[in-house]
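Worksheet: the structure to be examined is printed underneath.
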Amino acid sequence: MSETPRPADLIVFGGTGDLSMRKLLPALYHCDRDDRLAPETRIITMSRGGLDDADFRGKVDAEVRGYVPADDHATWQRFLGRLHHVSIDVGGQDTEGWSRTARLLAGHEERDRIFYLASPPMTFGPFCRELHRAGLVTPASRVVLEKPLGRDLASAQRINDEVGAIFDERQIYRIDHYLGKETVQNLLVLRFANAFLEPIWNSLWIDHVQITAAETVGTPGRRGYYDHAGALRDMVQNHLLQLLCLVAMEPPSRNDRESIRDEKVKVLQSLRPIVGGEVDRFTVRGQYTAGECDGVRVPGYLDEPDSTAPTEASRRVETFAAIRAEVKNWRWAGVPFYLRTGKRMPYRSTEIVVQFKDVPHSIFPGSAPNRLVLRLQPSEGIRLHLMAKEPGAGEVALKPVPLSLSFAETFTSRVPEAYERLLMDVLAGNPTLFMRRDEVEAAWRWIDPILHEWEAQGAAPEPYPAGSPGPAGAHELVLRSGRYWYEDDLA
Ligand SMILES: NC(=O)c1ccc[n+]([C@@H]2O[C@H](COP(=O)([O-])OP(=O)(O)OC[C@H]3O[C@@H](n4cnc5c(N)ncnc54)[C@H](OP(=O)(O)O)[C@@H]3O)[C@@H](O)[C@H]2O)c1
């Protein structure tokens, strides 16, 4: 049974934003509903909008209600009662907002105090400085930083320096919500709590690994953000590289806060740099054009409805990226790790495919190599594709059959959202599933030369029609070594 939760003050900076409304507040409600928040715990949100407690509770009642089960009126009222709102303009010489925050927090210095920065990254430094000036950082304080942490190595280092000037590294929780997903936890359990897999988890037995994060959505109304982000910064630098680390890392000696993160950093440091002329050989970038997605005709990236017209940055930004990565160590020498992510793909799916080598000598016609598929979304599950004999007399006929573990079907308990798990870890002071500074910076160090080369070339990304699995170059990237992408393997 889990420990009794400790009272805490959770301050969400950016509490009226999309992330808070769609993810954080629903996750906190679920935690409350499962009695994982102490009765005294408060949620104090901040934004510039001039709202007071009553306005904000009304907004949550109207907007968040749709994301949570409607079955429990009393718990919903209890949850609304935990909410407080401070109107504040961070970076704007606002003293009244900080005074009100100080009044709310006064007398509760002994409580865990969590500052969750669900706001644009350029506000992280000013927020921490003003918070410090207001005298609100206590020894029991922690700060959670949302991604993206910067847009290259230099800006990530600057943010880390600014936040690090106020908080110790042990107080800083850099979130990548993929790490809170059940399948990701299960990948570690599968690898390190079962004896059969680890001896074959290497270049002798594994042919290659594919990590795909495909979305059907485009970017309507998000040009301002996406033009300056792109798929490489938005998805590969954080989510896909984190998944690669968990597949490739060595067994940690303990399941504690540093051991797993130490092993992940070693993987990032072992990634073979892709520089200069190699960027064209090992990476592909694309941008969607008009097409049909989910049975609906949709516009191309440049024609998405938006309040601003497309610019040169819009023409150059990638909505699709694929990379052939290599981990240069004894375990993985010669095993390609193919990473791929895109918008307006034919399906919404995030999965890791571990393709084993074929049997050394086949005595049956029609055999195919084994494949382990770990799916993170839409439904989480694990599937191992094995060869089996088709029932019947006569010639032995083989058929690939899956051994499946669907969490929803196998476990009757609700599969928690990644943010629930991660918020509970922050409240419990457990940083294992959060990224350390050296991890984030090692990831940027590998990504930076690719970004620089793409920017130096200045060429437009390769077009691909919405609803297709990316540009032709992505297909060629794997075909060059006689391989092909698995499309939506668990569908
Ligand atoms: N949305 C997602 O699904 C998602 C997923 C992963 C990561 N993230 C990251 O999470 C962060 C927030 O994303 P979002 O989509 O929620 O953004 P958003 O909808 O634009 O919300 C930003 C929030 O920050 C507040 N804010 C901004 N500047 C402020 C200032 N100077 N003083 C006080 N409040 C300020 C905004 O309120 P006012 O404008 O009213 O002040 C709003 O509450 C970003 O770093 C984003 O990259 C978002």
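The values are calculated or read from the model by the stated rules, or taken from the named source; none is laboratory data. Remember, it's a predicted structure, so these values are computed and weren't measured experimentally. So basically every Cβ, Gly included, is an ideal-geometry build from the backbone, and we count neighbours across all protein chains shown.
List of remarks:
- Any pair with Cβ under 9 angstrom, 6 or more apart, that starts in region 116-144 at a residue that is closer than 15 Å to residue 170 by Cβ and away from the ligand (no atom under 15 Å from the Cβ) and ends at one that is among the β-branched types (Val, Ile, Thr) and in a helix (DSSP H, G or I): 142/426
- Scan of region 55-103 for residues that are touching a residue at least 40 places away in the same chain (Cβ under 8 Å), within 16 Å of the ligand (Cβ to nearest atom) and buried (at least 17 other Cβ atoms within 10 Å of the Cβ), ordered by number: 56, 59, 64, 83, 84, 85, 86, 87, 88, 90, 97, 101
- Of the residues screened, residue 160 is one that is more than 13 Å from the ligand (Cβ to nearest atom), more than 21 Å from residue 403 (Cβ to Cβ) and buried (at least 19 other Cβ atoms within 10 Å of the Cβ).
- Residue 107 vs. criteria within 15 Å of the ligand (Cβ to nearest atom) and either buried (at least 19 other Cβ atoms within 10 Å of the Cβ) or part of a loop (DSSP other than H, G, I, E, B) (or both): no
- At least 1 residues being surrounded by fewer than 16 Cβ atoms within 10 Å (Cβ to Cβ) is the threshold, and among the helices (runs of 4 or more DSSP H) wholly inside region 211-288 those reaching it are 223-226, 259-270, 278-282.
- In region 429-462, the residue that is modelled with the lowest pLDDT out of those that are touching a Ser or Thr at 6+ places or on another chain (Cβ under 9 Å) and surrounded by fewer than 19 Cβ atoms within 10 Å (Cβ to Cβ) is 432.
- Evaluation of residue 136 against (1) assigned to a loop (DSSP other than H, G, I, E, B); (2) modelled with pLDDT under 95; (3) among the hydrophobic types (A, V, I, L, M, F, W, C) (one fails), failing number: (2)
- Exactly one residue among 383, 344, 371, 331 is modelled with pLDDT of 90 or more, over 26 Å from residue 204 (Cβ atoms) and of a type outside the set (Gly, Ala, Ser), and that residue is 344.
- Qualifying residue in region 368-386 (condition: touching a Ser or Thr at 6+ places or on another chain (Cβ under 9 Å), in contact (Cβ under 8 Å) with a residue 40 or more places away in the chain, surrounded by 16 or more Cβ atoms within 10 Å (Cβ to Cβ) and under 30 Å from residue 170 (Cα atoms)): yes
- Residue in region 154-168 that is over 30 Å from residue 303 (Cβ atoms), charged (D, E, K, R) and without any contact (Cβ under 8 Å) to a residue 24 or more places away in the chain present: yes
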